[in-house]
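K.L.:
Okay, handing you the structure first.
What follows draws every value from the coordinates through simple rules; no lab data is involved. Everything quoted here is computed from the prediction, not taken from an experiment. Reconstructed Cβ throughout: ideal geometry from the backbone, glycine too, with neighbour counts over all protein chains shown.
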Amino acid sequence: MADDVAVPVSEVLGAMTTEPLAEGDEPMGAFMMIKSIDSAGDPVWAVREAGQGVTPEEMLGALTAYTEYLRRSLAEDWAG
């Protein structure tokens, strides 16, 4: 992506919405996994960063914590 021109996040995500940050929090950077449909009609995944970016250490920590959250949430669903 080094040769690509950066665009506003809203240009990629359009009118999609999400939960707001906590009051007073100022965004610094974002890491996004975006599911879309390609020109052939197939679902594809893209990864994008915005802002200051995220260090590999920060990303590993965030993904590890979120993976644990997902694991517990799915286990609760399976348990009934």
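K.L.:
What are the pairs with Cβ atoms under 9 angstrom where one residue, in the range 20-35, is under 23 Å from PRO56 (Cβ atoms) and the other, located anywhere, is among the acidic types (Asp, Glu)? Sequence gap at least six, or different chains.
P.N.:
GLY29/GLU49; GLY29/GLU58; ALA30/GLU49; PHE31/GLU49; PHE31/GLU58; MET32/GLU49
K.L.:
Take the range 33-63 and flag every residue that is surrounded by 10 or more Cβ atoms within 10 Å (Cβ to Cβ) and over 21 Å from PRO8 (Cβ atoms). Working first, answer last.
P.N.:
Residues of the range 33-63 that are surrounded by 10 or more Cβ atoms within 10 Å (Cβ to Cβ), as a first pass: 34, 36, 44, 46, 48-55, 58-63.
Those that are surrounded by 10 or more Cβ atoms within 10 Å (Cβ to Cβ) and over 21 Å from PRO8 (Cβ atoms): VAL44, THR55, GLU58, MET59, LEU60, GLY61, ALA62, LEU63.
K.L.:
Take the residues in the range 46-80 that are more than 14 Å from the chain's Cα centre (by Cα) and outside any helix (DSSP H, G or I); name whichever of them is farthest from ASP4 (Cα to Cα).
P.N.:
GLY80
K.L.:
Next question. Count, please, the residues in the range 1-32 that happen to be surrounded by 10 or more Cβ atoms within 10 Å (Cβ to Cβ) and either of a type in the set (D, E, K, R) or in a helix (DSSP H, G or I) (or both).
P.N.:
Summing the residues that are surrounded by 10 or more Cβ atoms within 10 Å (Cβ to Cβ) and either of a type in the set (D, E, K, R) or in a helix (DSSP H, G or I) (or both) in the range 1-32 gives 3.
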